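Report on one structure; see the data block that follows.
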Amino acid sequence: MGRSRYKFHEEYYPYFITSTIVHGLPLFMDARISNIILDALTYAQDVNKVVLHGYVIMPNHIHLVVEGEQLSARLRAFKSYTARSIINYLKANNKTRTLSHLKSGKLDNHKDSEFQVWQEGFHPKQISTSKMMEQKINYIHHNPVKSGFVESPLHWRYSSALNYEGDDGVIPVTLFNG
């Protein structure tokens, strides 16, 4: 499978993104760490003009449906900022065991950091049709149900499912209207 499959080809399409924590650590079970992600997503929308169509924060990974100019660079900045913020939070709260796991997950080519929070890459998948967009939005909203955490997507706090039901979600999203 060639690497070109996982690149941002055209900026005017939305993309389905997955980012995972190293070693599959369930960092997002901590609400304060999930809030770091939510705050960074809000910033990306407000300041970097990233259009967020949908999201879910699972215990050890996130799925996003996003679009915008310079998306690759903006998502790298998002991951860099959130990683630094998560490390600072873990240090401030003396979470030495978690920090040890993140230290052991650091790739050798990352000379500028002591820890690694995110696995490499985003695995972007271009969404080119309305049907594909609906499928990806439904997939992310049903991810907590499929994993057995909740019986309905509407019961998972860290997702845009409520937004799509016309309610206020935890953060705003730009609804896809097929």
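With +1 on each Lys and Arg Cβ and -1 on each Asp and Glu Cβ, and nothing else charged, work out how big the dipole of the chain is about its Cα centre, in Debye to the nearest 20.
700
Helix 130-146: angle to the longest alpha-carbon principal axis of the chain, degrees 0 to 90, nearest 10?
Approximately 50 degrees, to the nearest ten.
For a label point 7 angstrom out from the Cα of LYS131 toward its Cβ, which stretches of region 143-178 have the backbone nitrogen within less than 18 Å?
Residues passing the 18 Å test: 177-178.
Which of [x] 115; [y] 130; [z] 107 is the computed volume of the Cα convex hull per residue in Å³ for the structure on display?
Here volume of the Cα convex hull per residue in Å³ agrees with entry [y].
Loop by DSSP (not H, G, I, E, B), at most 14 other beta-carbon atoms within 10 Å: where is the longest site-free stretch of the chain for chymotrypsin sites (Phe, Trp or Tyr not before Pro)?
Formally, the longest exposed-site-free interval is 13-148.
Restricting to lysine pairs 8 or more places apart or on different chains, what number in the chain have Cα atoms under 13 Å apart?
Lysine pairs satisfying the spacing and distance rule in the chain number 5.
Give the dimensionless ratio obtained when the Cα radius of gyration of region 75-168 is divided by 2.2 N^0.38 Å.
1.40
Between ASN138 and GLN70, what is the FRET efficiency for a Förster distance of 22 Å, r being their Cβ-Cβ separation, to the nearest 0.05?
0.20
Rounded if a/c is under 1.5, else prolate if a/b beats b/c, else oblate: with a ≥ b ≥ c from the C-alpha gyration tensor eigenvalues square-rooted, which is region 26-66?
oblate
Can you show me the helix-derived [θ] at 222 nm for the chain, built from DSSP H runs with n ≥ 4 at -39,500 (n - 2.57) apiece and divided by the number of residues, rounded to the nearest 500.
Only helices count here, giving -12000 deg cm²/dmol.
Say each of PHE149 and ALA77 gets a label point 7 Å from the Cα, pointing the same way as Cα to Cβ; how far apart are those two points in nm?
2.8
Give me the dipole magnitude in Debye, nearest 20, for region 44-105 about the Cα centre, with unit charges on the beta carbon: positive for Lys and Arg, negative for Asp and Glu.
Dipole size: approximately 440 debye.
Every number here is computed from the coordinates shown, using simple stated rules; none is lab data. The structure presented is a predicted model; accordingly, all values stated were derived computationally and were not measured. Note that we place each Cβ from the backbone using ideal geometry, even for glycine, and neighbour counts take in every protein chain shown.
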